[in-house]
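Beneath this line is the structure, given in C-alpha cells, with notes to follow.
The values are calculated or read from the model by the stated rules, or taken from the named source; none is laboratory data. As the structure is a computational prediction, the values presented were derived from the model and not from experiment. Here Cβ is always computed from backbone atoms with ideal geometry, including for glycine, and neighbour counts include all displayed protein chains. When the accessible area is computed, the model is the full protein with side chains, heavy atoms only, and any ligands, DNA or RNA have been set aside. Shrake-Rupley method; radii C 1.70, N 1.55, O 1.52, S 1.80 Å.
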Amino acid sequence: MRIASFNINGIKARLPRLLEWLEETRPAVACLQEIKSQDANFPADEFEKIGYKAIWHGQKSFNGVAILVDGQEPIEVQRGLPGDPEDDHARYIEADIGDLRVVNIYLPNGNPQPGPKFDYKLAWMARLRTRMAELYASERPTIVVGDFNVIPENKDVWSVKAMENDALMQPESRDAYARLLHDGWTDALDTLNPQGGIWTFWDYQAGAWQRDHGFRIDHMLLSPECADRLLSAGVDKEYRGREKASDHAPVWVELA
C-alpha cells in the first residue's frame, strides 16, 4: 500500500501535472497540501475520472488540504486542527481508510521570525502534538503526513548557512518536531535514509532546482503499528523537473 504526500502549490495551476503523477505512480492514498482552492471549486470530478475519491478542506487563494483514495471513499474524521476555535486556516484533515487513520497537514511556515507568524507556527505545533498523542494512545495504525515546514537536522538542507535565519530551521521549530519523534513516531524517510541529503523542496528562485539546492520539509510520521509495516519510502524527485511543476516533489511510503 503506497501512501503519498504532495504539496501541489495550487491545484488549478498544477492539475495536469497532478493527474499525470497520479496515473503514473498510482498511490493508494494521495494527500495534497496548498490546494489554494475554495471547497466549491475543488476539481473532484477530474479525480473521479481516473478512479480517485476525495475529501478536502479548502480556503480561497492559500492553504488547503485534500485526501484522495484510489477506488474507495475516505471517511472524514476531523477537519481543522483542534485546540483553537479561532483558527480558521485550512491546514488539517483526518480520515479513515480501512483500518488506517491518515492525517494530512500543512504546517504554518512561520516567516518572518521572530514575530506573530512564528508564534502561530509554534502554537500550531503544540496543538498538533496534543492531537498526535491522542492518536498514538488509540493504538490504531496512523500516519501523519504533509508539509511540516521544518528542516529537522543540518543533514536535511543543502546549506545550513543559507537557511540559518529561516523559521524552518530555528531551534524552536526543530525542538517541536523532535518532540513528536520522542513521543514514539517514526520519520519514515529519515529512518530509511539516515545519511540525509534527501530533498523534497527546491525554490523557484536562484536556480535552486538546477543546482540541487533543496531541503527536506515534507515528512511522513508513522505510529508504531504503521512503522512495523514499513517497507520503503522515497521521493518522486523527477516530477519537480517537469514543466509547470510544483516547487515540492511528492514523497511516499509503502506499507505491508
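Looking at the stretch 80-104, which of its residues are assigned to a strand (DSSP E or B), within 19 Å of GLY58 (Cβ to Cβ) and touching a residue at least 24 places away in the same chain (Cβ under 8 Å)?
TYR92, ILE93, ALA95, VAL102, VAL103, ASN104
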Filter the stretch 21-35 down to residues that are open to solvent by 50 Å² or more (accessible area, probe 1.4 Å) and in a helix (DSSP H, G or I) and give me whichever is nearest to ASP45 (Cα to Cα).
GLU23
Exactly one of (1) in a helix (DSSP H, G or I); (2) open to solvent by less than 20 Å² (accessible area, probe 1.4 Å) is unmet by LYS161. Its number?
(2)
Reported set for the stretch 123-140 where residues are under 19 Å from the mean Cα position of the chain (by Cα), surrounded by fewer than 18 Cβ atoms within 10 Å (Cβ to Cβ) and not basic (Lys, Arg) is ALA123, ALA126, THR130, ALA133
Among the residues of the stretch 179-234, how many are out of contact with any strand residue (DSSP E or B) (no Cβ under 7 Å at 6 or more places or on another chain) and β-branched (Val, Ile, Thr)?
1
Of all residues in the stretch 202-223, which are outside any loop (DSSP other than H, G, I, E, B), free of Cβ contacts under 8 Å to residues at least 60 places away in the same chain and in contact with a Gly (Cβ under 8 Å, 6 or more places away or on another chain)?
TRP202
Qualifying residues in the stretch 242-256 (those that are in a loop (DSSP other than H, G, I, E, B) and of a type in the set (A, V, I, L, M, F, W, C)) - the one surrounded by the most Cβ atoms within 10 Å (Cβ to Cβ):
ALA249
In the stretch 58-70, is there at least one residue being touching a residue at least 60 places away in the same chain (Cβ under 8 Å) and buried (at least 24 other Cβ atoms within 10 Å of the Cβ)?
yes
VAL77, sole failed condition from (1) aliphatic (A, V, I, L, M); (2) outside any helix (DSSP H, G or I); (3) open to solvent by less than 20 Å² (accessible area, probe 1.4 Å):
(3)
Just the residues that are in a helix (DSSP H, G or I) and under 21 Å from GLY58 (Cα atoms), please, taken from the stretch 105-130.
LYS117, TYR120, LYS121, TRP124, MET125, ARG127, LEU128
